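These notes are about the structure you will find just below.
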Amino acid sequence: MVLLYIILIPMFGALLSWLASARNIALCRWIALVSLLCGLLLVTVLWVSNAADPTPAGHWMYNWQQPWIPHFGISLHLAMDGLSLVMLALTFFLGALSVLISWREIKFKIGFFHFNLLFVIAGIAGVFLTMDLFLFYFFWEVMLIPMYFLIGIWGHERREYAAYKFFIFTQAGGLLMLLAILGLYFIHGANTGVYTFDYFYLLNTPMERAVAQWLMLGFLVAFVVKLPAIPFHTWLPDAHTEAPTAGSVVLAGLLLKTGAYGILRFVLPLFPAASHDFAPWAMLLGVAGILYGGQLAYSQPDLKRLIAYTSVSHMGFVLLGAFAFNELAYKGVVMQMIAHGISTGALFMIAGALYERMHTRELSRMGGLWPAMPAMGTVTMIFVMASLGLPGLGNFVAEFMILLGSWQANHIMTILATIGLVIATVYSLRIMQKVFFGQSERQYALPDLGLREWLIMAPLVVVILWLGVYPQTVLGTITNYELRITTFSAPHVPQAESSGRVVPVSDSSFVINHAP
Amino acid sequence: MTFEDLLSLGPLFNICGAAVLCMLLVAIWRNHRLIYYVTLVAFALALMSVVPVATLLPHTIAPLIVIDMFALFNSGAIVGSGLIIVLLSYNYFEEREERKEEYYLLLLLATAGALVLVISRHFMSFFLGLEMLSISLYGLIAYLRARQRSDEAGIKYLILAALSSAFLLFGMALVYGFTGHMDFPGIGAYLRQAGTFPLPVIAGFGLMLIGIGFKLGIVPFHMWAPDIYEGAPLPVAAFVATISKGGVLVVLIRFYQDIDGRNYTMLWWILAITAIASMFVGNLLALTQQNIKRMLAYSSIAHLGYLLVAFLSDTQSGLEAIAFYLTAYFPTSIGAFGVLIVMSSSVQDAETVEDYRGLFWRYPWVALVFTVMLLSLAGIPLTAGFIGKFYIVMAGVDGHHWFLLLMLVINSVIGLYYYMRVVAMMFRTTDTSQRIFIKPSLPLAGNITLGLIVMLLVGLGVYPTAMMQLIQQMMTLIK
């Protein structure tokens, strides 16, 4: 039940804050903030209570199932393991910060804004928790509409175009995934007689290689669109740039991670053989993303657009690591998801703060801001360094582990990806140089970080440092997951009494061929 | 005629009786409100009379009529939709200058026609029902005859519908001439026995398909739809979009089943091509429409294409998918027109996309309702439309028609674009002070009806199980 609460808390928060906005704007903001903090608290409690006892491999901390549409074998099935837990913590952490960051930025229709923001968070939490493929698709779509509104209503000048593009791209990918889900459902049903959308049953679906490849591609398209990987990345710069700060933070920090999560949770375990066949291509896409994204990032005149393209580059590492098929790379991928969420989220918040002060995102109109805003400069420096992969900060750990892991799988790709780190240094330093150093032509007198902004930035700095210095916090939690990469075993699903056609199956395991 | 016969025709008798009553009332005392209530009560009674019929099924009144679960379910859907349309009609017509009373009379007759269609299993009853529907629609479409586009639409529909009926009739004659049967099972039995497919029968089926295709508004017989939707009074457009098409689709399904359509690959391919063409033409043409009525017209062409995909899967789940999709599509479509109705003033219909600019900031309630309708049409989760589309995809996968499904997916994406365009327009925040907007009538009854429809759609989207169970029980055709 506790898993259901994790999804329901932001949903009710969304409704309440919308209702409250009719009477009191401040109350509406507070409700949104408090409900997300409650979620964060709940997740933290779960984390702490589970960190204490050593857990065996393939252990699911929580599992909850209720029949929903038994006719189709669909159930409300939520389950949580280390990966979900870590992602949920990130979700609520960044979610709460996005409410804070919008405190002054959003000036109209505040109630509706917070409704959408919290609803996106609820959808994302659902995606990270659900173990029923239909429900997964459902939450996948639930994230969409509120995000569309966030970009389309509160965004910058070209918001409608960007919102459209985002919506159509993601929806197209999602529908292909739906087809693949249904294909899997029917193949599983035809082969085993059990028609169910339940993840744990579908895990070991026997099928022909060619079929598996097609289905795998169906899933993969949806996830790489969201990730995004070349050539499906074109929605991202528009959406990130035009979205309000909170929207960009949620997009970069959380929505992209749902794509990565989908690959880890669904594509690889459901189609181990097919993914393994496809791995070189996926790694190639990843490397192409790293290099091309980095190069595009370097040439952007617009600060938010620049940061957006760095996401393309960083997410390339995710694709590279996910298809390397070894523990090290997987751990690196999860670390990368978290670290990128924090660092890019922070950079977007800084870009938002700059926009609030200067009303421009043009790099050419900035410069020499350090004397005016030393504190903000320092914070920016930290996250720029994180973005370029400085040891001691979270991203370094992540990228290092991914590269180590992928070296075992593919030498050439890894060498190419390493070049990406150099590009990352170049574009990251360009941010510092263009914004904070150089000549200040206009002699801006700008206020430095205020109390609220300190409240936002301080936790982010702490977390990114913590991740860099003591990554074991995350790595220790996801151990369970990593073990199941090699040996997938279904948990002991307590059978719902009336879950339609679903019949109990015994534990079963499957071993991936390791890359040599 | 036995008592059981009478009882099993309850919905039809209620509607027909009310039509007679309305005619008399118009002669004695012309009063809009009175006629409205009589019609409303008639529809409510008809809906209630659906329930007891369930105990008698399946019931045949040879040779014309068959009442099985399938027919009963569709009767219920038709009467229910009719009820919603009537609820939305009062204010719309009250505000307009023409004599209002005959509208209800024609609406009752048209509904009766549709009810005959869903229980017919014979060319006679089929044609009778179809003509009853069509002829009432001539009057309904041109009802606001003082308005320019209304009589244009009426004449257009009159000519085209008459022409298509002629095709249908000629096709029936050919089929009858060669098979010697006018009842569907008889034709099916003859074809099975003969083993071959004589040319005149093929020609007959082809001609019938033209007639049916016209009524369904599928490509290439769709040309009338946008003009009729644009010109007809809004409640009538809702009627054409839902009840009229649904009734004919039911006959098509029954006919296809009775003649074992699955055995004739050519027939399947013709329908498949029609389905693909309907999806593409409907969606692509809807993209550029500035008039919401026309957009809805093209979108309904596309939706018929989706329904044909389920139809062509030729499985039990396909039948269930059609039933569920119609259950979702009827209220959604009527609701979309309902929004147009409550947003219209007595002088002007709110029909261009521009009329809805920034609606959310002016009338948040109506905008939210409209958003739900559009999202349901687009098939976004949490709405009935999503489950409906999901059901269709399930049926397609079940029948292994991957190509059709791919077309459906592509079209769903195209469809998203124009539905979202309207949604985006409603949430647009640009300065709206310079424009003079239509002052909407926003009648209370209309708003309540819309609220109920929204509840129904979201309810079906979140908890479809109950409806699915009902449909599973109901989707048995008599053999």
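The values are calculated or read from the model by the stated rules, or taken from the named source; none is laboratory data. As the structure is a computational prediction, the values presented were derived from the model and not from experiment. FYI the Cβ positions are ideal-geometry reconstructions off the backbone, even for glycines, and counts take in every protein chain you see. Side chains are part of the model used for accessible areas, which takes the heavy atoms of the whole protein and leaves out ligands, DNA and RNA. Shrake-Rupley method; radii C 1.70, N 1.55, O 1.52, S 1.80 Å.
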Heavy-atom accessible surface of chain A: percent carbon and sulfur, 1.4 Å: 68
Buried solvent-accessible surface, both chains (A, B), 1.4 Å probe, Å² to nearest 100: 3400
Residue-level accessible surface for A:Met283, protein heavy atoms, 1.4 Å, Å²: 10
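Within 10 Å of each candidate Cβ there may be at most 15 other Cβ atoms; applying that plus a DSSP loop requirement, which trypsin sites (Lys or Arg not before Pro) in the stretch A:72-110 survive?
In loop regions of the stretch A:72-110 (DSSP not H, G, I, E or B), the sparsely surrounded trypsin sites (Lys or Arg not before Pro) are A:Lys107.
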For B:Thr352, residues with placed amide H under 5 Å, excluding near neighbours: B:Ile292
Qualifying GluC sites (Glu not before Pro) for the stretch A:128-194 [loop in DSSP, other Cβ within 10 Å: at most 12]: A:Glu157
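Which value, in nm² and rounded to one decimal, describes the direction-averaged projected area of the C-alpha convex hull of chain A?
Mean orientational projected area (chain A, Cα hull): 21.8 nm².
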Tensor-based shape of the stretch B:87-153 (alpha-carbon gyration tensor, a/c under 1.5 rounded, otherwise prolate or oblate): prolate
Karplus (6.51, -1.76, 1.60) ³J(HN,Hα), θ = phi - 60°, over the stretch A:405-415, in Hz, Gly and Pro reported as x: x, 6, 4, 5, 8, 7, 5, 4, 4, 5, 4
Net charge of neighbours whose Cβ lies under 11 Å from the Cβ of B:Ala321, counting Lys and Arg as +1 and Asp and Glu as -1: -1
Rounded Å value of the spacing that divides the Cα centres of the stretch A:214-236 and the stretch A:404-427: 21
Shielded residues, the stretch A:65-83 - accessible-area loss of 40 Å² or more between chain alone and all protein chains, probe 1.4 Å: A:Trp68, A:Ile69, A:His71, A:Phe72
Other-chain or far-sequence residues with amide H under 5 Å of A:Trp68's (modelled H): A:Ile74, A:Ser75, A:Leu76
Computed P(r) (all Cα pairs; the protein assembly as shown; 20 Å bins; percent): 13, 41, 31, 13, 1
Surrounding net charge for A:Phe115, when Lys and Arg each add one and Asp and Glu each subtract one, Cβ distance under 14 Å: +2
Dipole of the protein assembly as shown [Lys/Arg +1, Asp/Glu -1 at C-beta], most positive-end residue of B:Asn91, B:Cys22, B:Thr196: B:Asn91
Cβ-based net charge around B:Phe214, under 15 Å, with every Lys or Arg adding one and every Asp or Glu removing one: +1
Rounded if a/c under 1.5, otherwise prolate or oblate - the stretch B:145-287, Cα gyration tensor axes: prolate
Average other protein chain Cβ within 10 Å of Cβ, residues A:171-179: 6
Residues of the stretch B:363-405 buried by at least 30 Å² on assembly (accessible area, 1.4 Å probe, chain alone as reference): B:Ile380, B:Pro381, B:Leu382, B:Phe386, B:Phe390, B:Val393, B:Met394, B:Val397, B:Trp402
Whole-percent carbon and sulfur share, accessible surface of chain B, 1.4 Å: 70
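Under the definition of partner shielding as Cβ atoms of other protein chains within 10 Å of a residue Cβ, what is the mean value for peptide A:105-112?
Average neighbour count from other chains, rounded to a whole number: 1.
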Accessible area in the full protein assembly, largest first, 1.4 Å probe, for B:Leu368, B:Leu163: B:Leu163, B:Leu368
Buried on assembly, the stretch A:115-152 (at least 50 Å² less accessible surface than by itself, 1.4 Å probe): A:Phe134, A:Phe138, A:Ile145, A:Tyr148, A:Phe149
Probe 1.4 Å, accessible area per residue of the protein assembly as shown, Å²: 33
Evaluated at q = 0.15 Å⁻¹: base-10 log I(q)/I(0), Debye formula over Cα of the stretch B:349-479: -0.85
Solvent-accessible area of B:Glu131 with every protein chain in place, 1.4 Å probe, in Å² to the nearest 10: 40
